[in-house]
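Report on the following structure.
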Amino acid sequence: LRGVLVFIGAVVLFTSVFVPDTVFAVVAGTLFGLGWGTLVVCLASLGTATVDFFLARWFLRERVRRWLAHKPRLAAIEQAVHREGFRFQFLLRLTPLNPVTVSYVLGASDARFGPFLTACLGLIPGLAVEVYFGYVAKHVAKLAGNVGHPNAGHSALIIAGLGACVALLIYLTRLAHRALASYSPPAVR
């Protein structure tokens, strides 16, 4: 339990300063396996989102707003969230946009915390695939090192599962992009 808590703390700390969460998801897959690794990374991502939301809301709001003034596409996200709410936030989480950036943008906006946190569940498919990469990497390393008795059927199933996960993630990302494209940008005054 101590190792899991240290891992979650490291994820929250380092991803909040833009270290990619993919690194930690892959490591979680190798350390904790597929099921536990996904759970640990999801909890860490929810913790990170919460911390980043409130950092932006309470301490970094003006700095984020100044930054958004130079990033019109991200500023459009903030404006769309006001109009579209939860569904839009959920779709944002299904895209490959950096989740920390999205959390800071939404924290600096007037988005409510409850829908924000619930929308973070949209991170799960991407995180699960990243954890699966770590799980597969551990399996392949065992095969390469002749550790244990490899079962060809099991290995084929693991590799096929990875392919299916990647295909599903690509499909979900395209659906989210299409849905987000249907939201019209706000009129410029």
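The values are calculated or read from the model by the stated rules, or taken from the named source; none is laboratory data. Quick caveat: nothing in here was measured; it's all calculated off a predicted structure. All Cβ positions, glycine included, derive from the backbone under ideal geometry; neighbour counts span all protein chains shown. Keep in mind that these areas ignore ligands, DNA and RNA; they rest on the heavy atoms of the full protein, side chains included. Shrake-Rupley method; radii C 1.70, N 1.55, O 1.52, S 1.80 Å.
Could you give the DSSP H helices of the chain that reach 20 angstrom or more along their long axis (alpha carbon positions) and whose average Kyte-Doolittle hydropathy is no lower than -1.0?
Numbers: long enough: 34-58 (35 Å, 1.25); 124-144 (30 Å, 0.92); 152-181 (43 Å, 1.39).
Span-like helices, by this rule, are 34-58, 124-144, 152-181.
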Open item on the list: Just to verify a number: what accessible area does HIS70 come out at with the full protein assembly present, 1.4 Å probe, Å² rounded to tens?
Closed with: 150
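If you average 1/r across every pair of different Cα atoms in the chain and take the reciprocal, what Kirkwood value do you get, in Å? Show your work: numbers first, answer last.
Working: mean 1/r = 0.0564 Å⁻¹.
That comes to 17.7 Å for the chain.
Using a probe of 1.4 angstrom, how much of the accessible area of the chain is carbon and sulfur, in percent?
Values: 7440 of 10780 Å².
For the chain, the apolar C and S fraction of the accessible surface comes to 69 percent.
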- [ ] Round to the nearest 10 and report in Å² the accessible area of VAL166, as given by a 1.4 Å probe over the protein chains' heavy atoms.
- [x] 50
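Taking the solvent-accessible surface of protein heavy atoms with a 1.4 Å probe, what is the per residue accessible area of segment 68-143 in Å²? Don't jump to the answer; show the numbers that get you there.
Values: 3430 Å² over 76 residues.
The answer is 45 Å² per residue.
Leaving ligands and nucleic acids out of the surface, order THR101, THR118 by accessible area at 1.4 Å, largest first. Can you show the working numbers first?
Working: THR101 25, THR118 70 Å².
Putting THR101, THR118 in descending order of accessible area: THR118, THR101.
Would you compute, from DSSP H runs of 4+ residues alone, the mean residue ellipticity of the chain at 222 nm, taking -39500 (n - 2.57) per run and dividing by the full residue count, rounded to the nearest 500?
Values: 10 runs with 149 residues, N = 189.
Result for the chain, helices only: -26000 deg cm²/dmol.
Looking at segment 16-119, which chymotrypsin sites (Phe, Trp or Tyr not before Pro) are DSSP coil and have at most 11 other C-beta atoms within 10 Å of their C-beta? Each step should come with its number before you reach the end.
On the way: sites: PHE18, PHE24, PHE32, TRP36, PHE53, PHE54, TRP58, PHE59, TRP67, PHE86, PHE88, PHE90, TYR104, PHE113, PHE116; in loops: PHE18, PHE59.
Counting only loop positions with at most 11 other Cβ atoms within 10 Å, the chymotrypsin sites (Phe, Trp or Tyr not before Pro) in segment 16-119 are PHE18, PHE59.
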